[in-house]
Structures are given as C-alpha cells and as structure tokens.
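Report on the structure given below.
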Amino acid sequence: MTENGTIEVTVNGEARQVDAGHTVTSFLESLDLHPGLVVVERNREILDRDQYDDVRVEAGDVLELVHFVGGG
C-alpha cells in the first residue's frame, strides 16, 4: 500500500490504483457495476457471488470482470 491509501491491482489486464480496504462488492460499486450482474475472477479463481461481501481486494490482485448486459 502507498502512503495515500491506495493499492495497485490489475483489472481486465490494466494496472490500476484503487482505494485500499475495498471488498469485492464495494469495489464493483465504485466502478458503477451491479455486483449481481458481474462475474469476478480473482487470481485465476472464480468467486461465488455470496463471497463478494467477505473477500477483500488486496494489493497485487489480478481481477477479471465479466459484466452481463441484457437486451435483444
């Protein structure tokens, strides 16, 4: 973690500085994504949605986010 309270994570292949202390749920919400519509892979492991509130985003995490969009 840096002095300003941020950590570096990789999201969909892009390095990002994000606020420290996020859970997966709060991180998704900070990106304006609804947690119920996103599949999250963290460090090559797909998370169950019921884990999103409990799993903390940590420095060095590699996250892949797949957002489902309805329509037709």
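Brief remarks follow.
- The length gained by stretching the chain between H34 and R16 to full extension, at 0.36 nm per residue less their Cα-Cα distance, is 4.5 nm.
- Neighbour cut-off at most 15 other Cβ (10 Å), DSSP loop, trypsin sites (Lys or Arg not before Pro), the stretch 1-58: R44
- Loop sites in the chain: chymotrypsin sites (Phe, Trp or Tyr not before Pro), DSSP, at most 15 other Cβ within 10 Å: F68
- Taking the Cα centre of the stretch 31-72 as reference, the dipole from Cβ charges on Lys and Arg (+1) and Asp and Glu (-1) amounts to some 120 debye.
- Length-normalised contact order for the chain - Cα pairs under 8 Å, 6+ apart - percent: 39 percent
- Gained length - V66 relative to D50, 0.36 nm times residue gap less alpha-carbon distance: 4.1 nm
- Filtered GluC sites (Glu not before Pro), the chain: DSSP coil and at most 10 other beta carbons within 10 Å: E3
- Charge dipole magnitude, Cβ of K and R +1, D and E -1 - the chain, Cα centre, debye nearest 20: 140 debye
- Maximal additional length on extending the E58-N43 stretch stands at 4.4 nm, based on 0.36 nm per residue less the C-alpha distance.
- Summed over the residues of the chain and divided among them, the accessible surface reaches 66 Å² per residue at a probe radius of 1.4 Å.
The values are calculated or read from the model by the stated rules, or taken from the named source; none is laboratory data. As the structure is a computational prediction, the values presented were derived from the model and not from experiment. No Cβ is skipped: glycine too gets one built from the backbone with ideal geometry, and neighbour counts run over all protein chains shown. Surface accessibility is based on the protein's heavy atoms, side chains included, excluding ligands, DNA and RNA. Shrake-Rupley method; radii C 1.70, N 1.55, O 1.52, S 1.80 Å.
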